[in-house]
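Please read the structure below before turning to the comments.
The values are calculated or read from the model by the stated rules, or taken from the named source; none is laboratory data. Just so we're clear, the structure is a prediction, and the values are computed from it rather than from any experiment. Note: ideal-geometry Cβ built from the backbone for every residue, glycine included; neighbour counts use all protein chains shown.
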Amino acid sequence: MKKMLHMTSVAFIAVGALLLLGSIQNADAAFGSSGAALNKDDCIKCHGVIVKQVQDGGNKHKSEVSCLECHKGTHPPGSQKGALIPKCAQCHKDQPHFTLAKCASCHQNPHQPLNIILEGEGQKAACNTCHPAIIKEIDSNPTAHTGFACSFCHEKHRNKPDCLDCHDAHAEGQKFENCVQCHQAHQPLTLTYNETVVNSDCAACHPDVRDTLEAGPTKHAKFKCVFCHANEHAMVPECQSCHDAPHSKTMLSKFKTCNECHQSAHDILK
Ligand code: HEC
Ligand code: HEC
Ligand code: HEC
Ligand code: HEC
Ligand code: HEC
Ligand code: HEC
Ligand code: HEC
Ligand code: HEC
Ligand code: HEC
Ligand code: HEC
Ligand code: HEC
Ligand code: HEC
């Protein structure tokens, strides 16, 4: 006959030494070689805090695996301390991420595996197991950002910081969405953009050019900066890239540049 466990009352008043000992013996019997088994519903009687943790934030350690699948064997005092504790590698193997050292440095509570703390060394190596393209990007474009730990900016996993948490805008009213039109978080000095950038964003640093251009009477005055200075900061276009052959060759051969007559792209003389 299998022994049944009757310990509800024991567990709840297990404050005195004698009663506690009694409860451990009961647990031991339940895990023991006799073949009697503790039901998963019994754990709450003595490990209420952990059961609640699993209930609240166990994620797949709640839904895909049970207390008893992780804690196999003889319950103390019939076993050495630690004997019931599984290694992560028992179930997680064959992926680069699972070759990392010290799983518990990030997954600090096995009962809430996605409650992840990002800190300490070796972090980049950990991120690298799932985001290799980002590590490659930040390392091959050396800037001040390259020297930071990932968690300097990503305090929690999946969090994306605002540039404005750490930097001032170039001009009033600029938001994160503007910053990343010209900058990329992991290579902030690669200044590329598309045609959506507005003139006021350029004017934050080139106010005179904007004022001159927009005050002009010619068709150029209506163009966005990025229509001519396309794609990459400090790129300067040739007039001929848009104006194929505006004048005769004989006429042009007498002048070094278009601007000898037209003055400036921003302030065209006609
Ligand atoms: C009657 C109370 C009681 C019940 C029921 C009980 N435990 Fe325990 N458990 C204890 C006590 C007390 C300890 C601490 C023993 C020690 O430190 O020597 C313990 C320790 C443990 C440990 C740590 C063991 C180690 O090797 O370090 C694990 C894991 C554990 N219990 C899991 C469970 C699970 C899973 C269940 C439900 C299936 C369960 N216990 C049911 C009282 C209980
Ligand atoms: C995915 C595996 C896994 C599951 C599922 C799991 N545990 Fe654990 N449990 C662990 C690991 C790993 C440790 C060791 C934690 C440590 O070293 O801090 C542990 C530790 C414990 C301890 C000892 C705590 C201590 O402070 O010494 C108890 C008790 C325990 N678990 C009970 C439970 C109960 C009850 C459940 C189900 C509600 C459960 N565990 C579900 C992996 C698991
Ligand atoms: C007895 C088997 C077992 C052990 C031991 C175990 N896990 Fe798991 N774990 C699972 C299963 C099953 C899943 C769900 C399937 C999957 O994601 O691989 C899971 C999922 C996870 C997840 C994803 C959770 C989610 O909700 O997406 C994390 C993180 C995790 N485990 C970390 C750990 C860590 C860290 C350890 C060691 C402390 C550990 N596991 C030990 C079985 C285990
Ligand atoms: C430097 C921190 C760090 C270390 C160390 C670490 N992990 Fe993770 N782990 C993470 C992050 C971040 C995630 C992503 C969680 C998410 O998807 O939200 C993750 C996800 C997981 C997942 C679920 C994702 C999947 O592929 O299904 C498992 C399982 C896991 N880790 C197990 C482990 C094991 C086992 C170890 C040790 C060998 C370990 N982790 C070491 C940070 C870490
Ligand atoms: C086990 C794999 C794993 C590890 C390790 C991991 N991540 Fe992730 N990470 C993911 C997954 C999966 C997503 C969700 C991807 C998606 O939504 O495209 C994600 C998403 C993110 C996001 C948000 C992406 C978005 O577009 O919203 C950030 C930021 C992030 N991770 C940073 C990190 C950092 C920093 C580390 C190292 C400390 C890290 N991750 C480690 C798997 C991981
Ligand atoms: C958590 C703080 C933090 C966040 C978030 C952050 N940065 Fe930085 N960034 C710094 C620090 C610190 C430096 C180095 C000192 C300085 O130049 O102010 C730096 C440097 C820079 C540099 C100069 C790089 C160099 O090598 O000279 C640029 C450009 C830059 N950041 C742009 C951005 C942009 C754009 C974002 C958003 C996508 C952003 N940063 C998000 C902290 C941050
Ligand atoms: C200086 C701050 C900073 C540092 C350091 C940093 N990131 Fe980011 N990261 C950001 C910002 C800001 C975003 C959001 C960019 C966006 O939405 O355009 C981001 C986005 C991400 C994303 C989402 C995918 C994407 O490309 O938008 C992942 C994944 C990520 N970072 C991983 C990492 C990893 C891994 C490291 C360490 C090697 C790291 N980050 C270092 C600021 C930083
Ligand atoms: C229209 C494109 C553009 C936009 C939008 C933009 N930047 Fe810049 N940013 C630049 C250029 C160009 C430089 C380089 C100036 C130089 O070479 O000195 C720069 C330089 C920086 C620097 C380096 C330090 C400095 O001030 O010279 C930081 C930090 C920075 N930007 C942050 C931001 C933030 C934060 C935002 C969003 C509020 C932002 N940028 C929006 C083009 C832009
Ligand atoms: C944060 C300040 C900043 C912003 C914003 C900015 N610039 Fe500049 N720009 C500079 C600085 C500083 C220089 C001179 C150093 C250099 O060449 O990188 C410069 C130089 C230039 C040059 C001249 C390159 C040469 O060879 O003479 C052009 C063209 C230019 N910027 C266009 C733009 C356009 C178009 C925008 C908007 C998309 C813009 N800039 C936004 C700071 C900025
Ligand atoms: C990115 C293309 C582009 C570049 C570079 C460019 N232009 Fe233009 N320009 C135009 C367009 C488009 C028009 C309007 C044509 C039309 O509507 O017929 C124009 C009009 C003109 C006109 C006539 C103005 C008017 O109001 O009728 C002159 C003169 C001119 N450009 C000279 C120049 C000179 C000189 C340069 C170099 C310093 C130059 N452009 C560079 C695209 C460009
Ligand atoms: C029609 C095309 C066109 C437009 C629109 C245009 N540029 Fe230019 N830009 C040029 C050309 C061509 C040059 C080379 C010098 C010249 O011809 O004046 C130049 C030169 C520059 C220079 C470097 C020399 C200088 O004058 O300081 C800066 C900075 C600059 N542009 C910024 C801007 C900004 C900011 C805007 C928007 C307010 C803008 N440009 C709009 C075509 C254009
Ligand atoms: C000797 C002075 C001179 C030089 C050099 C010169 N232009 Fe002109 N350009 C003019 C004059 C004057 C006009 C106005 C004539 C007209 O409207 O028919 C003009 C008109 C134009 C127009 C407007 C044509 C139209 O149909 O409205 C364009 C575009 C133009 N020039 C581009 C250029 C470019 C590009 C260069 C250099 C390759 C250049 N010009 C060199 C004097 C010059």
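Run K256 past the list (1) at pLDDT below 95; (2) on the phi > 0 side of the Ramachandran plot; (3) outside the structural domain of N141 (by TED's automatic domain parsing) and report the number of the one that doesn't hold.
Every listed condition holds for K256 apart from (2).
For the range 100-127, which residues satisfy the criterion of being part of a helix (DSSP H, G or I), touching a residue at least 24 places away in the same chain (Cβ under 8 Å) and more than 6 Å from ligand 4 (Cβ to nearest atom)?
Correct list: K124, A125.
So if I check each of E155, E172, E195, which one is within 28 Å of A265 (Cβ to Cβ) and away from ligand 8 (no atom under 11 Å from the Cβ)?
E195
Filter the range 135-152 down to residues that are in contact with an Asp or Glu (Cβ under 9 Å, 6 or more places away or on another chain), in contact (Cβ under 8 Å) with a residue 24 or more places away in the chain and more than 19 Å from L114 (Cα to Cα), then give me how many there are.
Selection size over the range 135-152: 1.
Okay, residues lined up against (1) within 16 Å of ligand 1 (Cβ to nearest atom); (2) under 22 Å from E195 (Cα atoms); (3) touching a residue at least 24 places away in the same chain (Cβ under 8 Å):
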position: L213; (1), (2), (3): no, yes, yes
position: A221; (1), (2), (3): no, yes, no
position: C225; (1), (2), (3): no, yes, yes
position: N231; (1), (2), (3): no, yes, yes
position: M235; (1), (2), (3): no, yes, no
position: A245; (1), (2), (3): no, no, no
position: E260; (1), (2), (3): no, no, no
position: Q263; (1), (2), (3): no, no, no
position: L269; (1), (2), (3): no, no, no
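Would the range 77-89 turn up any residue that is assigned to a helix (DSSP H, G or I), closer than 30 Å to K124 by Cα, out of contact with any strand residue (DSSP E or B) (no Cβ under 9 Å at 6 or more places or on another chain) and more than 12 Å from ligand 4 (Cβ to nearest atom)?
no
Please find, among K102, K60, K52, the residue that is at pLDDT 95 or above, surrounded by fewer than 16 Cβ atoms within 10 Å (Cβ to Cβ) and within 16 Å of ligand 5 (Cβ to nearest atom).
K60 is the lone residue from the list that is at pLDDT 95 or above, surrounded by fewer than 16 Cβ atoms within 10 Å (Cβ to Cβ) and within 16 Å of ligand 5 (Cβ to nearest atom).
Looking only at the range 49-72, decide whether some residue is within 13 Å of ligand 3 (Cβ to nearest atom) and in contact with a Ser or Thr (Cβ under 7 Å, 6 or more places away or on another chain).
No.
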